[in-house]
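K.L.:
Quick one: the structure is below, questions incoming.
What follows draws every value from the coordinates through simple rules; no lab data is involved. Since the model is a prediction, treat every value here as computed from it, not as a measurement. Don't worry about glycine lacking a Cβ; one is built from the backbone with ideal geometry, like all the others, and counts go over all protein chains shown.
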Amino acid sequence: MTMGRANNSSDNADAVAVTDRRPADGSLVDRHGRTIRYLRISVTDRCDLRCRYCMAEQMTFLPRAKLLSLDEIAIIAERFIARGVTRIRLSGGEPLVRRDVVDLVKRLGGYVGHGLDELTMTTNGTRLADHAGALVDAGVKRINVSLDSRDPERFRYITRHGDVGQVIHGILSARDAGLAIKINMVALKGMNEDEIASMLSWCVSERLDLSLIETMPLGAIDEDRVDRFLPLTAVFDRLAAEFPLVRAGHRTGGPARYWQVEGSETRLGLISPLTANFCDGCNRVRLTTEGKLYMCLGHEDQVDLKAALRNGGIEALDTAIDLGLAAKPARHDFRIEAGSAPAVSRHMSVTGG
């Protein structure tokens, strides 16, 4: 068993020591006393868009032979459920580009109400109209859709070739199929900041929620993130002057803080990893499409669950998970400064949103 950036000579001793400290009920508790209840799974690193803040224009994706099979993803997810995870989010890349991913959704959806409180998905919406009904039938009740602009030309520029009409059609089709929808909008200085208020107005009119997200320094891209970083503290002040926002106690298991737009069904969420660090209450780990478990979005340390499962079965998988939890850091090291390198080399599409 190996752990990324660890001393391999001590792996066996570390694994034994970690196993000895496993709670009697097998629950997932990291070295800082935080209980892990939320697993995010990237089912593919591939995407049919190339958003400028997320990817380079020319991306090298993993060979398919290196990916976890959907059956292996399900087995790992089921082990996390057995050990106390109550929320799972499927993401990518774009999860709906992976062939037969709906079969995985159906399998995991069977645990909703039987260990899982919720199974959700983050998607770019390009294929949502075709799959919304199947997601509902599989037990998914809500999804997040990434949408940074409703202006056709601006959307095409941000995504490098996307059709916003196709995405909006998918969003409205999914809503009409019975899915609750939250729009994820990355706030980008000089690119879409003039559209944030109108996006919130549109969400109110269409009975959608909206989460605003600060851009994160993950992976090398073709632009300087400093030029695009927009602190959400300033954005919120402007929105609060225009909309009747009341603090809401709503929680989804993730890091967002929520406000209700009074007189509407719409909630506004803020995800501020740089201006309002949320690590103290972190309850999440992330599984990549090649089977690496990352304990933190902003660190490179990981354990290889694919190797553990294939070489040693469930017992080795449990030990690998424990080894990862024992190394979970207290907080990320995100910084956006002129000339600074990304916090980690991997792109968001590799780890999953």
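K.L.:
Can you tell me the FRET efficiency between Ser198 and Asp48 if r is taken as the Cβ-Cβ distance and R0 is 30 Å, rounded to the nearest 0.05?
P.N.:
After rounding to 0.05, the efficiency reads 0.70.
K.L.:
Further question on the same structure: Contour minus end-to-end for Asp237 and Arg207, with contour as 0.36 nm per residue of separation and end-to-end as the Cα-Cα distance?
P.N.:
Using 0.36 nm per residue and subtracting the Cα-Cα distance, I get 8.5 nm.
K.L.:
Could you pull out the trypsin sites (Lys or Arg not before Pro) across the range 62-99 that fall in loop regions by DSSP (anything but H, G, I, E, B) with no more than 10 other Cβ atoms inside 10 Å?
P.N.:
Arg99
K.L.:
Can you tell me the order of 138-145, 40-47 when each peptide is scored by its average per-residue count of other Cβ atoms within 10 angstrom, highest first?
P.N.:
Result, highest mean Cβ count within 10 Å first: 40-47, 138-145.
K.L.:
Could you give the length gained on full extension between Ala177 and Arg160, defined as 0.36 nm per residue of separation minus the Cα-Cα distance, in nm?
P.N.:
3.2 nm
K.L.:
A further question follows. For Lys189 and Asp130, compute 0.36 nm times the residue count separating them, minus their Cα-Cα distance, and round to one decimal in nm.
P.N.:
In short, 17.9 nm is gained.
K.L.:
Using the Cα gyration tensor of the range 70-172, with a ≥ b ≥ c the square roots of its eigenvalues, what is the shape: rounded (a/c below 1.5), prolate (a/b larger than b/c) or oblate (neither)?
P.N.:
prolate
K.L.:
On a straight-distance basis, which aspartates and glutamates could pair with Lys292 in a cross-link, Cα separation under 12 angstrom, same-chain partners fewer than 8 positions away excluded?
P.N.:
The qualifying aspartates and glutamates are Glu300, Asp301, Asp304.
K.L.:
I need the calculated FRET efficiency for the pair Glu153 and Glu300, taking r as the beta carbon distance and R₀ as 45 Å, to the nearest 0.05.
P.N.:
0.75
K.L.:
Something else now. Give me the distance between the Cα centres of the range 128-150 and the range 74-89, rounded to whole Å.
P.N.:
Here the answer is 21 Å between Cα centres.
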